[in-house]
Amino acid sequence: MSAATVIEGCAIATVDAAGTEHRDGHLVIEDGRIVAVGEGLAPAAPPGVRRIDGRGMLATPGLVNCHHHLYQWATRGLAQQATLFEWLVELYPVWAHVDDEIEWAAARAGLAALARSGSSTTTDHHYVFPAGVGDLLEVEVKAAASIGVRFHPCRGSMDLGRSDGGLPPDEIVEDRDAILAASEDAVARFHDPSPGAMVRVALAPCSPFSVTSELMAETAQLARRLGVRLHTHLAETLDEEEFCRERFGVRPVQYLEDLGWLGDDVWLAHCVHISDDEIAQFGATGTGVAHCPSSNARLGAGIAPVAALTRAGAPVGLGVDGAASNESGALSVEVREALLVARIAGGPAAMTAREALALATIHGARCLGRADEIGSLEAGKLADVALWRLDSLDHAGIEDPVAALVLGRPQAVDTLLVGGRAVVESGELRTADVETVAADIARQSRRLLERAPA
Ligand SMILES: [Zn+2]
């Protein structure tokens with residue numbers, strides 16, 4: 001499709017390296033890429049061009065979600081007062097009953113919610129593969145294609161069951177050799193290294209308390225041989241820190257370093273409980289962090305030292321985390337949460353509205369290894385664009401459009417383009433019927449709870 005699109009009349013926050021913004025600007029898109037962005041009207045466009053009236057709106061890069069567990073959309077609202085370990089122990093036996101139909105409904109619901117919250121690219125960390133059901137990673141790759149977002153699924157894994165000292169029940173851990181074979185197979189089938197890719201795969205053992213050291217080390221070797229990225233959970237809670245001290249004799253970051261897991265091809269979810277020395281290590285190695293403020297708040301895990309990490313030079317993106325620990329699942333909410341929790345911890349100067357937007361865009365793109373293609377609005381980059389309406393009651397009268405977006409009421413996006421294709425238009429998801437998606441996940445959530453032990 002070579003049709004051009006012109007967007008005019010909107011404020012633009014490009015989130016480029018210079019922080020360029022336009023009060024009343026234009027974007028021109030051709031063949032799925034941005035060819036021009038600037039102040040005023042677009043240069044003369046050929047007849048037949050698609051025009052989007054941006055008046056009253058702010059254009060930003062499409063948001064990049066760096067941590068999620070889509071299947072958890074089927075288990076929202078459970079274990080409401082639990083710590084992470086209590087929450088996991090309650091939910092693992094339920095998750096053991098996830099099948100293809102539940103995965104499809106949950107992934108579609110989670111991805112629809114993300115798209116409506118302005119997220120054009122998302123990762124997913126899928127680590128529950130019950131025996132005897134279909135290929136759940138393939139199901140979510142198809143779900144992402146149906147919703148139309150750029151997708152970085154992580155082939156997750158667990159191989160340390162309770163009988164070996166891990167947290168998950170033995171029934172939902174896999175054999176290490178089977179995991180490594182399935183990981184290699186997932187990369188062969190779904191990973192697209194070419195420019196503009198809609199699907200890229202990463203490898204992602206789940207956490208220190210559900211994965212053996214051997215699997216961690218061998219997964220890192222495999223990912224580097226295949227040229228894909230690495231992801232896991234780290235330093236989310238003090239319970240995890242205690243687990244690492246007891247089992248491995250070191251803190252979580254030292255544990256990862258010993259296994260070859262710090263580097264600019266790695267991004268880690270949470271990193272709440274890390275020391276000043278560890279923050280410096282993240283900066284020096286370029287190790288990325290997926291900050292999940294709502295999930296950390298919901299589970300009472302603590303507040304990640306985001307300002308210190310970014311000062312150290314570490315890429316810090318935002319993640320909604322699984323919807324079982326963040327029922328909203330909306331990335332626009334996390335932008336505001338990131339700013340608010342940073343300020344609770346560090347005072348009002350701890351994070352600006354523009355810094356919060358950069359976490360959700362260019363720094364998220366760095367975490368996923370896509371900063372050359374997404375995360376900012378610049379000529380040559382992919383046309384992943386979010387248009388936010390700022391002239392309604394919620395935001396009208398706020399002179400600074402970035403402040404309106406970040407400090408104001410989190411909202412659904414008006415228009416979301418992914419590679420120039422409209423996934424959301426006039427606030428409506430164009431790629432799926434949201435009422436059908438909602439009815440489907442309601443039915444499948446109920447079915448899952450009926451299948452699971454009481
Ligand atoms: Zn997570």
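Only the coordinates and a few stated rules stand behind these numbers; no lab work does. These numbers come from a predicted model, not from an experiment. Here the Cβ positions follow ideal geometry from the backbone for every residue, glycine too, while neighbour counts run over all protein chains shown.
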Environment charge of V316, counting only residues whose C-beta is closer than 11 Å and scoring Lys/Arg +1, Asp/Glu -1
+1
If you find the alpha carbon centre of region 104-138 and of region 274-333, how far apart are they in angstrom?
21 Å
Kirkwood Rh, Cα atoms: Rg over Rh of region 23-68:
1.03
Translational diffusion coefficient of region 79-137 at 20 °C, 1.002 mPa s, Stokes-Einstein with Kirkwood Rh over Cα pairs, in µm²/s as a whole number.
162 µm²/s
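Residues with beta-carbon under 11 Å from that of V266, excluding V266: net charge, scoring Lys, Arg +1 and Asp, Glu -1? Write down the numbers at each step before the final one.
On the way: positive: R224, R229; negative: E257, D264, D265.
That sum, taken over residues with Cβ under 11 Å, equals -1.
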Show the residues, 5+ positions off or on another chain, whose built amide H is closer than 5 Å to the amide H of H152.
T122, T123, D124, R200
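I need the semi-axes of the equivalent ellipsoid of region 308-351: take the C-alpha gyration tensor, multiply each eigenvalue by 5, square-root it, list largest first in whole angstrom. Walk me through the numbers before you get to the answer.
On the way: eigenvalues 90, 36, 12 Å².
Over the Cα atoms of region 308-351, the semi-axes work out to 21, 13, 8 Å.
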Tell me which residues come under 5 Å, amide H to amide H, from T232 once H is placed; ignore anything under 5 positions away on its chain.
W267, A269
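Using Cα pairs under 8 angstrom and six or more residues apart, how large is the relative contact order of the chain, in percent? Walk me through the numbers on the way to the answer.
Working: 1065 pairs, mean separation 97.0, N = 454.
The normalised contact order for the chain reaches 21 percent.
Roughly what % of Cα-Cα distances in the chain sit above 29 Å, to the whole percent? Please report the intermediate quantities before stating the final value.
Values: 44423 of 102831 pairs.
Every Cα pair in the chain considered, those over 29 Å come to 43 percent.
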Mind checking the angle between helix 84-95 and the chain's longest principal axis? C-alpha axes, 0 to 90 degrees, to the nearest 10.
90 degrees
Can you list the HN-Hα couplings for region 37-44, worked out from phi with the Karplus curve (6.51, -1.76, 1.60; θ = phi - 60°), rounded to whole Hz and with x for Gly and Pro?
8, x, 7, x, 6, 5, x, 3
For V316, other-chain or 5+-apart residues with amide H closer than 5 Å (H placed, Pro excluded) are V289
So how do C66, C367, C206 line up by other beta-carbon neighbours within 10 Å, fewest first?
C206, C367, C66
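Taking the convex hull of the Cα atoms, report for region 282-381 its projected area averaged over all directions, in nm². Before the final figure, lay out the partial values.
Working: hull surface 25.7 nm².
Computing the convex hull of the Cα atoms and averaging its projections yields 6.4 nm².
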Using all C-alpha to C-alpha distances in region 333-454, build P(r) with 10 Å bins and read off the rounded percent in each one.
12, 28, 32, 21, 7, 0
Along principal axes, Cα extents of region 333-404, largest first, whole Å:
34, 32, 17
Residue-ordered couplings for region 337-347, obtained by feeding phi - 60° into the Karplus form 6.51 cos²θ - 1.76 cosθ + 1.60 and rounding to whole Hz (Gly and Pro as x), are 4, 4, 5, 5, 6, 4, 6, 4, 7, x, x
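Taking square-rooted eigenvalues a ≥ b ≥ c of the alpha carbon gyration tensor, is region 110-160 rounded, prolate or oblate, where a/c under 1.5 means rounded and, failing that, a/b exceeding b/c means prolate? Don't skip to the end; give the middle numbers.
Working: a/c = 2.82, a/b = 1.93, b/c = 1.46.
Here region 110-160 falls in the prolate category.
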Using only Cα atoms, tell me the angle between helix 434-451 and the longest principal axis of the chain; keep it within 0 to 90° and round to the nearest 10.
10 degrees
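Among the DSSP beta bridges whose two residues both lie in the chain, what percent are antiparallel, rounded to the nearest 5? Each step should come with its number before you reach the end.
Working: 27 of 61 bridges.
So the antiparallel bridges amount to about 45 percent of the total.
Quick one: what do you get for region 116-202 if you divide its Cα Rg by 2.2 N^0.38 Å?
On the way: Rg = 14.5 Å, N = 87, 2.2 N^0.38 = 12.0 Å.
Taking N as the residue count of region 116-202, the ratio is 1.21.
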Does region 209-324 classify as rounded, prolate or oblate by the C-alpha gyration tensor (a ≥ b ≥ c root eigenvalues; a/c under 1.5 gives rounded; else a/b over b/c gives prolate, otherwise oblate)?
rounded
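Which whole number of Å³ per residue matches the convex hull of the alpha-carbon atoms in region 1-142?
Numbers: hull volume 23.2 nm³, N = 142.
Enclosed volume per residue, from the Cα hull, is 163 Å³.
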Quick check on the exposure proxy: order T121, T83 from fewest to most C-beta atoms within 10 angstrom.
T83, T121
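How compact is region 286-339 by the rule of thumb for globular proteins, expressed as Cα Rg over 2.2 N^0.38 Å? Intermediate results must be reported in sequence, preceding the final value.
Working: Rg = 11.0 Å, N = 54, 2.2 N^0.38 = 10.0 Å.
So the Cα radius of gyration is 1.10 times the expected 2.2 N^0.38 Å.
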Each residue of region 219-235 in turn: what ³J(HN,Hα) in whole Hz from Karplus with 6.51, -1.76, 1.60 and θ = phi - 60°, glycine and Pro shown as x?
5, 4, 4, 5, 4, 6, 5, 8, x, 10, 8, 10, 9, 7, 8, 8, 6
What do you get for the angle between helix 176-190 and the principal long axis of the chain? Use alpha-carbon atoms, 0 to 90 degrees, nearest ten.
20 degrees
